[in-house]
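Down below is the structure, laid out as structure tokens.
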Amino acid sequence: MHFIHSTAYYPELWDDNTIKNDIINMKKLEIDTVRIGEFAWSVLEPNENDFQFERFSYIMDTLYENGINIILCTPTATPPIWMSHNHPERMFRDTGSPVVHGGRQHICTNNPYFRKRVEIIVEKVASILGTKKGVIAWQIDNELKCNVGECFCDECNSQWHDWLKKRYKTIENLNTLWGADVWSQAYQDFSQIPQPFRTPPIHNPSLETNYYQFSHDKVNEFFKLQADIIRKYSSSPITHNSSRWFRVNNDEMTMLQDFTSFDAYPKKENYRSLMLDCDRFRGLQKDGKFMCMETSPGYNGATKFFDGVLPTGFVAAEATAVQALGGIGFGYWHFHQHRAGCELIHGSILSADGSPNFCYHQAEKVRDRIKKLNEKLDTSSIGKAEVAIHYSDKARAFMQTENYWGMEYNSLVQRIYDSLADMQIFRDVIPTYKDVSKYKIVFTPFIYALDDEFIEKMKSFCENGGTWVVGPMTSIRTTEHTVNIDGGIPRKLERILGIKNSTVFPSYGSDLIMRYGKTKSKTTHLITAFETETAEVLSQITDFNFTKNIISIASVGNGKAVLLGTLPEDKGALDLIISDIVSNAAIRPLADADNGIFTVPWHDEHNEFVIAFNFENSEKQMVFQNEKYIIEPYDVVFLEEKYGI
């Protein structure tokens with residue numbers, strides 16, 4: 001499969017001679033695709049119903065004639081001034097005042113007038129530009145809910161009440177499920193339920209978490225509105241450049257897309273975050289198609305922040321990770337430096353005067369790396385993972401509501417992920433609705449609430465020979481964000497785990513020490529402790545006053561169920577726990593390697609092989625099938641298996 005080498009490009013900002021020079025440089029770098037149109041609404045419709053598409057049409061023809069494909073974007077992230085001026089009721093509002101025109105995402109996506117104008121401009125773009133040669137894909141909007149969170153405008157308040165009525169049917173049902181009699185919060189009518197503005201001291205978590213889910217649903221409704229229009233005119237695949245960090249539900253938005261995309265701006269020390277992005281967005285699609293739509297070509301910044309310059313070769317290592325982990329493309333933001341706007345300091349491949357700069361040389365290395373990988377991977381396929389990690393945007397919303405001591409969902413999942421990646425265990429990251437039957441081990445960490453259907457699915461997984469790792473902090477709340485009344489975790493789950501009388505309590509400030517094997521570590525965040533029924537206890541915490549069981553393993557049919565009742569503070573302790581779980585399931589690491597080296601299994605028609613790449617700026621060593629290898633900084637090697645398929 002052809003691997004896309006792309007860049008964000010804003011031809012509406014430049015004259016013909018500049019565009020001609022840009023295309024020459026794109027060809028030198030073998031950039032074969034540009035992403036255009038995402039911020040061009042005021043160019044395409046400078047005044048209401050005054051549509052001017054001739055310039056864009058000409059530019060698209062020029063790109064196509066030069067062999068450059070197009071990912072065409074809808075421009076709905078940047079509504080023009082004629083739509084926002086003197087209309088505060090249309091503007092996005094956080095818990096303070098409405099925002100003003102000047103950036104992006106400044107109008108509420110639920111506003112009826114905005115929705116009407118979105119329908120019109122998307123229909124125009126799809127019918128006039130979307131049918132042109134060279135359009136290989138669509139990107140809807142840009143980074144939905146990146147710069148703003150949940151909106152609190154009056155229109156959202158009205159739609160919030162409608163959403164609640166549809167979800168709960170009667171106000172009595174809502175009051176019961178939310179436990180609204182606590183603090184006399186019971187409501188008499190749906191219209192009385194507030195948005196989660198500031199209240200002394202804190203809102204009912206049921207209300208707050210539901211508001212986040214309401215916002216998720218409305219964003220996906222907005223996305224579907226555009227996708228449905230585009231599909232009337234174009235058969236090109238649709239995507240959205242999302243992120244694990246934006247206030248959206250990617251688990252559900254992916255069902256409206258043909259392939260997934262993400263934007264990532266890792267610093268040189270947190271490259272594992274990019275790898276988790278790759279596995280997360282690959283896991284969302286049935287066919288695994290994903291793309292890194294944009295990353296910095298050398299440094300990321302704006303007038304209020306700067307992330308630092310990336311070492312030479314780091315961007316090529318990013319591209320390597322994306323392609324090795326199954327991606328279909330890699331893109332930059334952006335190609336030609338903006339001469340104005342808030343991102344003056346952001347890295348670009350060409351400077352504002354059109355000359356190559358430091359980032360250009362990074363892109364040269366990416367070009368050469370893609371060519372090297374294409375020689376091997378064009379006719380090959382990524383291997384199958386035996387381990388999966390559940391990831392849930394609903395769970396992220398729960399932790400957005402209930403978090404203590406700096407708890408953050410992505411950072412916590414990253415710790416489980418890093419342990420597996422560092423020990424060279426290839427893994428998938430999957431939404432909770434995906435089939436798990438092909439895996440040997442499934443981790444379900446930090447998902448506060450599990451419904452009965454999911455628990456039954458995972459019980460069957462265990463009975464059929466799988467190992468299910470529950471926790472940390474999993475199923476400690478109900479789906480309505482209340483506590484379980486039949487135990488710290490539900491009794492139904494306790495039976496599967498072979499435990500009873502579970503309790504959930506905080507570790508912060510307690511200095512509780514857990515012991516596992518020869519390691520010991522402080523505990524973190526919330527602990528799930530228990531008494532055993534049939535489970536074997538693997539770890540305990542001890543204080544002067546009590547001893548509590550916190551890790552267990554139980555037989556369930558032909559498989560196992562593990563309760564991980566805490567997240568050890570010490571990485572070594574967590575690594576040992578996960579290593580033992582992996583070993584007990586007879587899963588073999590792909591290699592023995594220094595930290596910073598990562599391996600991915602691939603195969604072609606005849607042979608299996610492993611891609612090994614070094615994501616650090618120093619020489620690293622590894623052992624693969626009893627042979628020692630040295631990998632230079634940011635380099636990649638192919639390791640052939642000594643047996644065929």
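The values are calculated or read from the model by the stated rules, or taken from the named source; none is laboratory data. This one's a predicted model, so the numbers in the text were calculated from it and none came from an experiment. Glycine gets a Cβ as well: all are built from the backbone with ideal geometry, and neighbour counts include every protein chain shown. Quick note on the areas: whole protein, heavy atoms, side chains included, nothing else; ligands and nucleic acids left out. Shrake-Rupley method; radii C 1.70, N 1.55, O 1.52, S 1.80 Å.
The single condition among (1) in contact (Cβ under 8 Å) with a residue 60 or more places away in the chain; (2) touching an Asp or Glu at 6+ places or on another chain (Cβ under 9 Å); (3) not in a strand (DSSP E or B) that Asp61 does not satisfy is (2). Selection of the range 68-89 for residues being on the phi < 0 side of the Ramachandran plot and part of a loop (DSSP other than H, G, I, E, B) yields Ile68, Thr74, Pro75, Thr76, Ala77, Thr78, Pro79, Pro80, His85, His87. Say whether the condition of being open to solvent by 10 Å² or more (accessible area, probe 1.4 Å) and closer than 30 Å to Ser6 by Cα is met by at least one residue in the range 149-167. Taking every residue of the range 149-167 in turn, at least one turns out to be open to solvent by 10 Å² or more (accessible area, probe 1.4 Å) and closer than 30 Å to Ser6 by Cα. Candidates in the range 54-85 are the residues that are open to solvent by 10 Å² or more (accessible area, probe 1.4 Å) and either at pLDDT below 95 or of a type in the set (A, V, I, L, M, F, W, C) (or both); of these, the one that is nearest to Ala8 (Cα to Cα) is Ile81. One residue stands out in the range 252-274 among those that are in contact with a Leu (Cβ under 7 Å, 6 or more places away or on another chain) and closer than 18 Å to Val219 by Cα: the one that is surrounded by the most Cβ atoms within 10 Å (Cβ to Cβ), namely Thr260. Residues in the range 490-502 that are open to solvent by 10 Å² or more (accessible area, probe 1.4 Å) and not in a strand (DSSP E or B): 5 in all.
Being within 20 Å of Val610 (Cβ to Cβ) and either of a type outside the set (D, E, K, R) or buried (at least 18 other Cβ atoms within 10 Å of the Cβ) (or both), is that true of even one residue in the range 407-417?
Yes, there is a match, as at least one residue in the range 407-417 is within 20 Å of Val610 (Cβ to Cβ) and either of a type outside the set (D, E, K, R) or buried (at least 18 other Cβ atoms within 10 Å of the Cβ) (or both).
Residue check: Leu590 meets all listed conditions (1) in contact with a strand residue (DSSP E or B) (Cβ under 6 Å, 6 or more places away or on another chain); (2) part of a loop (DSSP other than H, G, I, E, B); (3) open to solvent by 60 Å² or more (accessible area, probe 1.4 Å) but one, namely (3).
Only one of the listed residues (His216, His240) is within 21 Å of Ala321 (Cα to Cα), in contact (Cβ under 8 Å) with a residue 60 or more places away in the chain and not hydroxyl-bearing (Ser, Thr, Tyr). That residue is His240.
Check whether at least one residue in the range 434-444 is more than 20 Å from the chain's Cα centre (by Cα), open to solvent by 10 Å² or more (accessible area, probe 1.4 Å) and farther than 30 Å from Leu325 by Cβ, and report yes or no. No.
Residue-by-condition table, conditions (1) under 15 Å from Arg396 (Cα atoms); (2) at pLDDT 95 or above; (3) among the hydrophobic types (A, V, I, L, M, F, W, C); (4) out of contact with any Pro (no Cβ under 6 Å at 6 or more places or on another chain):
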| site | (1), (2), (3), (4) |
| --- | --- |
| Gln195 | no, yes, no, yes |
| Pro201 | no, no, no, yes |
| Asn220 | no, yes, no, yes |
| Ala227 | no, yes, yes, yes |
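Meeting the requirement of 3 or more residues that are open to solvent by less than 20 Å² (accessible area, probe 1.4 Å), the strands (runs of 3 or more DSSP E) wholly within the range 275-374 are 290-295, 329-332. Only one of the numbered conditions (1) among the aromatic types (Phe, Trp, Tyr); (2) open to solvent by 60 Å² or more (accessible area, probe 1.4 Å); (3) within 25 Å of Phe51 (Cα to Cα) is not met by Phe114, and that is (2).
When the range 595-645 is filtered for residues that are surrounded by 15 or more Cβ atoms within 10 Å (Cβ to Cβ) and assigned to a loop (DSSP other than H, G, I, E, B), the ones remaining, listed by number, are Gly596, Phe615, Glu616, Asn617, Pro633, Tyr634, Asp635. Counting only helices (runs of 4 or more DSSP H) that sit completely within the range 381-465, those holding 1 or more residues that are touching a Phe, Trp or Tyr at 6+ places or on another chain (Cβ under 9 Å) and small (Gly, Ala, Ser) correspond to 393-401, 409-422. The set of residues in the range 222-246 being hydrophobic (A, V, I, L, M, F, W, C) and open to solvent by 10 Å² or more (accessible area, probe 1.4 Å) consists of Leu225, Ile229, Trp245, Phe246. Only one entry of Val34, Val43 meets the criterion of being within 30 Å of Val366 (Cβ to Cβ), free of Cβ contacts under 8 Å to residues at least 40 places away in the same chain and either touching a Phe, Trp or Tyr at 6+ places or on another chain (Cβ under 7 Å) or outside any loop (DSSP other than H, G, I, E, B) (or both), and that entry is Val43. Residues in the range 455-489 that are open to solvent by 20 Å² or more (accessible area, probe 1.4 Å) and under 28 Å from Ile587 (Cα atoms): Glu456, Lys457, Lys459, Ser460, Glu463, Asn464, Gly465. Here is the figure for the range 425-472: residues that are without any contact (Cβ under 8 Å) to a residue 40 or more places away in the chain and touching a Pro at 6+ places or on another chain (Cβ under 7 Å) total 0.
For Ile485, the stated conditions do not hold, so it cannot be described as in contact (Cβ under 8 Å) with a residue 12 or more places away in the chain, in a loop (DSSP other than H, G, I, E, B) and among the hydrophobic types (A, V, I, L, M, F, W, C).
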